[in-house]
Every structure is written in C-alpha cells, then in structure tokens.
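Student: First the structure, which I've put down as structure tokens, then a few questions once you've had a look.
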Amino acid sequence: MLWRIDPGADEPLYAQLVGQVRLAVARGELAAGERLPAARELAASLDLNAHTVLKAYQALRDDGLIELRRGRGAVVTAAGEDLSLVERALADLVAAARRAGLSAETTTTLVKEAMHR
Amino acid sequence: MTTDRRPTTDPAPEAWRARARRAMCWATAVGGALTLAAAAVAWSWLDELPDPVASHWSGGGAPDGFSAPGSLVLVFAALGLGLIAVFVVIGSVAGTAASTRRLAAAGSVWSGGFVAGMLLTTLAPQRGLADASQAALPGWAFAVVLVAPLVPAAIVALLVPADPPLPAAGPVADDAPRTPLRAGERAVWLRRATGGPGLAVGMVAILVTAVLAVALETWAMLVLPVLLAGLFAAMFAFTVRVDDSGLTVRSVLGWPGTHVPADEVLGASVVQARPFAEFGGWGWRIGRGGRVGVVLRAGEALLVERTGGRSLVVTVDDAATAAALLHTVADRSRAGADD
C-alpha cells in the first residue's frame, strides 16, 4: 500500500500513519492476515525514526486493528467493511462545505461534533 | 505485452553494447580456457587410456556407455564451447542490464568449468586400465564437478562492472499519471510479489532429486536438492518498494535484487505479463530485448522503462499506484538535479 508522511501537517507523524492504516483496512485495501512492512523498513523509506512507526503500530494494536507478533511483525486482524455509502455521503458533504466556503478544519470540527452528539 | 513508444529521453540507449562485448570477451576467455585446458590434459593421457573408455555410468556404479577416447575428448570440448557460445550470445544480444551480463558471464565460466571437470573426472580414474569395464567413478565426483565451477563463475560475475549512473535527459511525459504530493510530503509504496507455480514446482523438484539420490544411494547427488532449495528460496517472493530513491525489487531472502534510481526512470506502466510466453518461465528472467523480468505469476505487472535501453517487469498487484508514485519521485529527482 501507499504510505505518506507530511512533516508540515499539524497531525503528529505517528497519527498520520495510524490514519492511513485505519482507512486502508476500512476500504478493504488491507485484508485480515496481511502483514504490514517491518517498522525499520518503513521508517527508512519515509526517513522517520523507527520509534515513530512502532508507536503507530502500538496504537493500531490497542485499537484492535493489528496484532504484533514476535518474529512475524504486524498482522492485520480486522476485516474491512463496505464504506461506499459513507464515501458517497462524504462527497456530498465536501461539495456542500466548499459551496459554503468552509475550511477543511471547520468541516472536520462539525463532523466531530455531530458524531459526539 | 508491447511497448508502443519508447521514451525519447534516453541519453545512451546503445551504450551497453560495448560493455556487453567486453564482459563476454572475458567470459569466453575464462570459460574457453577451462574447457580447452582440460581437453589438452585429457589428450595427453590418450596413450594411457583403454580403448574404448567408459563414458557413462549407471546409477549402480558400473559403466554402461563406452566410446573412443579421442572422440570423447573432442565431443566434450565441443560441448563446452557450445554452451559457452550460448551464454555469450545471450549476453551480447540481451545484456542491457549489468545483472544480465553478470549472469551470462557466470554461465559461460560455469559451463566451461563443468565440462572440464566432467571430462577429467571421467578419464582420470581410467588411466593405466587395460579394460574400461573395470573403471569406477568416485561418488563425490558429480557433486564436486557441479559445485566447484561456481567459484570462478561467481568471481567473474563480481568482476563484471556495474552500470554507471545514467540520468534521463528529459522530464517524464506530461500525460503520465502522478501521485499528488504536497511539497515536503514523503511517500513510499510497499508490496510483496508472490504467487504462481514457483513454490509447487520447487517442492516437487527438490523432493524428486532428493528421493532419487537416496534411492540410488548416491549421497553426493544430494547436493542437487540443496542447490535447488537455495535457488527456489531466493526466487519465491520479492519485496517491491517505490520511494524517493526510486524502485527497489529484492528477494525476501535479501538476494537477488535490483534498484532503479528515480533519475533513471523514463516511465512506468501497468502491463499484463505472461511469464512463460515472454520470459520462458518463472522467477528472475531475461526476456526479449534484454528486458529483466521478476515474474512469479501471470497477470498484472509493473513495467519500468529505464535509461540505457533497459527495462524491468515485476508481477505485482496495485501496479498503477506504484507507477504513479514512481513518476512523481522521478519528477522530484529531475527538479533536484536542476538546482
């Protein structure tokens, strides 16, 4: 899968990795049983500290998305779900937010607030 | 699979030919010297050899094939030179990549050494014999003759020079797909190339040769399943990585592998690979025009066109994502070079 890191973004680096795995699992791009790259390899390719990748993997394990096994590395445990409905609604939301001139941050805050209600 | 248009930003599409010629000259010299030296030594033994000599042994250890000693020497010499010629032609016609020139050079040297070893181990024990039917072939001879020439072959392969850096002379085509990245954003695409019949074929080959060696009680022949196990272990799975440095394809065992620097990428695309039709089999392969194939199964594959007339095919899923990111890092390497 494609991994990306934007050091200029506000989100912490490890959280960026967590978000991508979560999304890939949700979309079915990462299937249960698939192995994530070794922390050292991923860190070297993205010019990150290996601890950053390990922190991301630990967060994913705590969420129950992956299992960390000695010698086998990180293995995806959760299965993806059908997100097509959410993605369609999301496209509508983004279009509406753009029409209203809302920023990405404001829109995200609105979504978070709505979900906490 | 066809390449309709070769990118025109290749600064030296023919430069490999001189390098291939040089490497193949050396490989011919070393391989040919081994075969001819063994033939000369065997020829000097003609007076001491029985006529006919034993030329083939059955599994049990008794000779079951005989021929005239002089013609046996000539047949072996011709076989050695013929095998060397096959590898030299492969290296001269398809040696666009250094890895191919290395393989071809190693192949010629190994063939020369293998035939030399076969000839000498066949004839040496028969010197001074009156009757060739008494001739015994030491059991370990086969293993030694198979393995020993790997040493000069490996040395010659290491001496074949690597490809010098050859950055592309122009930008990646405008209409090639890209991965949109913000300035400063870094990305890597990682995937494992697996599948195909390789594992099953390997298991069967290893099992059959091992059972044969045990059944015939020729223990030295166990070297064959061991060599096969090493070969198949190195070939059954590869990791494929695209990052700022370019494309890296490496066996999960760590070797063999290859790297295409981002600044040497002319273009990448998704193709449908047919391992048997295009590469004559599975694993690390040489295809038409010197295309290097890491082809483990039929189907979706990433084709990378590289400067110096080189190209590489890897059978891997999600190749479109890899191709787009490769174009993006190739753009970045060009921009970096302009500073």
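Student: Could you grab me the full set of residues in the range B:239-256 that are among the small types (G, A, S) and either out of contact with any helix residue (DSSP H, G or I) (no Cβ under 7 Å at 6 or more places or on another chain) or more than 10 Å from every other protein chain (Cβ to nearest Cβ) (or both)?
Tutor: Selection gives B:G246, B:S251, B:G254.
Student: Go through the range B:290-335 and report how many residues are touching a residue at least 12 places away in the same chain (Cβ under 8 Å) and away from chain A (no Cβ under 14 Å).
Tutor: Looking only at the range B:290-335, we keep the residues that are touching a residue at least 12 places away in the same chain (Cβ under 8 Å), and these are B:290-334.
Next, only the ones that are away from chain A (no Cβ under 14 Å) stay: B:290-301, B:303-315, B:330-331, B:333-334.
Final tally of qualifying residues: 29.
Student: When you go through (1) hydrophobic (A, V, I, L, M, F, W, C); (2) more than 12 Å from every other protein chain (Cβ to nearest Cβ); (3) exposed (fewer than 15 other Cβ atoms within 10 Å of the Cβ) one by one for A:V21, which number turns out not to apply?
Tutor: Checking A:V21 against (1) hydrophobic (A, V, I, L, M, F, W, C); (2) more than 12 Å from every other protein chain (Cβ to nearest Cβ); (3) exposed (fewer than 15 other Cβ atoms within 10 Å of the Cβ), the one that fails is (3).
Student: May I pose another question? Would you check if B:G82 is over 26 Å from B:T258 (Cβ atoms) and either polar (S, T, N, Q) or without any contact (Cβ under 8 Å) to a residue 12 or more places away in the chain (or both)?
Tutor: The answer is yes for B:G82.
Student: Let me ask something else. With respect to the numbered conditions (1) more than 10 Å from chain B (Cβ to nearest Cβ); (2) in contact with a Phe, Trp or Tyr (Cβ under 7 Å, 6 or more places away or on another chain); (3) under 22 Å from B:T194 (Cβ atoms), which one is the sole condition not fulfilled by A:K55?
Tutor: (3)
Student: Could you list, in sequence order, the residues of the range A:63-106 that are of a type in the set (A, V, I, L, M, F, W, C), closer than 15 Å to A:E34 by Cα and within 16 Å of the chain's Cα centre (by Cα)?
Tutor: Within the range A:63-106, A:L65, A:I66, A:A74, A:V75, A:V76, A:A78, A:A79 meet the criteria.
Student: Which residues, taken from the range B:144-185, are farther than 19 Å from B:R17 by Cα, more than 14 Å from chain A (Cβ to nearest Cβ), touching a residue at least 24 places away in the same chain (Cβ under 8 Å) and part of a loop (DSSP other than H, G, I, E, B)?
Tutor: The answer is B:A148, B:P149, B:A169, B:G170, B:P171, B:V172, B:A173, B:A176.
Student: Under 8 Å between Cβ atoms, at least 6 apart or on separate chains: pull out the pairs that start in the range B:43-72 with a residue that is without any contact (Cβ under 8 Å) to a residue 12 or more places away in the chain and end on any residue that is small (G, A, S).
Tutor: Hits for this filter: B:H56/B:G65; B:D64/B:S58; B:G65/B:A54; B:G65/B:S55.
Throughout, read-outs are computed from the coordinates displayed, never taken from laboratory work. Note that the structure is a prediction, hence the values are computed from the model and not measured. Every residue, glycine among them, receives a Cβ derived from its backbone with ideal geometry; neighbour counts consider all protein chains shown.
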